[in-house]
1. Quick one: accessible area per residue over the range 232-383, 1.4 Å probe, rounded to a whole number of Å²?
2. Provide the per-residue ³J(HN,Hα) series for the range 257-265, in order, calculated from phi with Karplus coefficients 6.51, -1.76, 1.60 and θ = phi - 60°, each as a whole number of Hz, with x at glycine and proline positions.
3. With a cut-off of at most 12 other beta carbons within 10 Å, and DSSP calling the residue loop, which GluC sites (Glu not before Pro) in the range 1-47 qualify? Please list them.
4. Round to a whole number: what % of the accessible area of the chain belongs to carbon and sulfur, probe 1.4 Å?
5. If you average the sequence gap of Cα pairs under 8 Å that are 6 or more apart and divide by the length of the chain, what percent do you get for the contact order?
6. With r as the distance between the Cβ atoms of residue 284 and residue 46 and R0 = 51 Å, compute the FRET efficiency 1/(1 + (r/R0)^6) and round to 0.05.
7. Each residue of the range 348-355 in order: what ³J(HN,Hα) in whole Hz does its phi give by Karplus 6.51 cos²θ - 1.76 cosθ + 1.60, θ = phi - 60°, with x for Gly and Pro?
8. Using unit Cβ charges (K, R positive; D, E negative) and no other charged atoms, how large, in debye to the nearest 20, is the dipole of the range 1-96 about its Cα centre?
Amino acid sequence: MKIAIPRERRENEKRVAASPDTVKKFVALGAEVIVEAGAGETSSFKDSDFEEAGATIAADEAAALKDADVVLKIQHPLTKEEGTDELALMKKGAVLVGHLSAMQNREQVAEYAKAGITALALELLPRISRAQSMDVLSSQSNLSGYKAVLDAAAEYGRAMPMMMTAAGTIAPAKCFVMGVGVAGLQAIATARRLGAIVTATDVRAATKEQVESLGAKFIMVESEETGETEGGYAKEMSDDYKKRQAELVFEHIKKQDMVITTALIPGRTAPILITDEMLAVMKKGSVVVDLAVEAGGNVTQSKPGEIVVTDNGVKIIGHRNVPSRLASDASSLFAKNLFNFLNPMIDKETGNLNLNWEDEVVLGAALTRDGSVIHPQLTEGGN
């Protein structure tokens, strides 16, 4: 079995879908790994690192993908309209695995089927215990939450912890985290480590204990509504809940120095959590980091790839692809997720990949098979 690792070509993408460690593990299982020259340069992995791990270095992407049975990628392939038709470089019958943003690129999923590619999108894995080690959303969000606080601290013009000096005492910064998933929990932990006073909110009441275990205070609207789907994701709330939440946040946000927003709803535009009215009452010099900016944004005035300063001096940070800002660690974790997904399905005697089509993990991630789109959310009648 040949596994190809091409260089990622999308804008702002510095990660790579393999690390020397996972290459070594795949080779030990009998696979032949081909890495495109320079694929790991922006993740601090040299070609020689991959070679020492047992990989073959291909001169270009076409050479890497030409005979590959499995193609591992961070993001979905480029299209002809985007400059390079990466799908056309893959052979019929190849297995494509990565974070393919399937719900946002439904037309491309149909192209996978047309090309005879078996595509598996790891962002759609079911949230079960067995799939935790394969969960690219969690591994990357964890880093995003950490980096969001560092980005906020870099733009904030004051110190974060309380400092008692001979010249006087500096009060600790107040940090408010909105959305307590993996990114939010890491943001809380990081802000606490840096000395901030942290509060957090989420539509899921079950997160209260997690927030408090990290030393932060939990605030939320009292309601009988549950903000969690059966799959463990946050869901959109009623208009009444949103109104009461907005009133609560409006009063709380006036006193905050930093706000980190992390709320995402799978397959839908991110919910607005911070409105123009809320921004208008925030303190001059305060900072907001919108981790959902690429999904429409949690903040009305955030812009992808920009740091916006409001009329009253609030900075709104909207960096794109935050995990890629920690490319080496993000690549290593993503690569391990991919290995953990494929490892159970690699025949230990032949080294070939045998997808188990009765496995709920495979079925949850599978987009296409035998020339057809098969994922329930993408077939006719799917949401």
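The values are calculated or read from the model by the stated rules, or taken from the named source; none is laboratory data. As the structure is a prediction and not an experimental result, all values here were calculated from the model. Please note: Cβ atoms are built from the backbone with ideal geometry, for glycine as well, and neighbour counts cover all protein chains shown. These accessible areas exclude ligands, DNA and RNA; they are computed on the full protein's heavy atoms, side chains included. Shrake-Rupley method; radii C 1.70, N 1.55, O 1.52, S 1.80 Å.
1. Numbers: 7250 Å² over 152 residues.
The answer is 48 Å² per residue.
2. Listing the rounded values in order: 9, 9, 10, 10, 10, 9, 6, 10, 10 Hz.
3. Numbers: sites: 8, 11, 13, 32, 36, 41; in loops: 8, 11, 13.
Answer by residue number: 11.
4. Numbers: 8420 of 17630 Å².
C and S atoms contribute 48 percent here.
5. Numbers: 813 pairs, mean separation 71.7, N = 383.
Dividing the mean separation by the residue count of the chain yields 19 percent.
6. Details: r = 46 Å, r/R0 = 0.90.
Efficiency at R0 = 51 Å is approximately 0.65.
7. Taking θ as phi minus 60°, the curve returns 5, 8, 9, x, 8, 8, 10, 5 Hz for the range 348-355.
8. Details: 14 positive and 19 negative charges, 58 e Å.
Charge dipole of the range 1-96: 280 debye, to the nearest 20.
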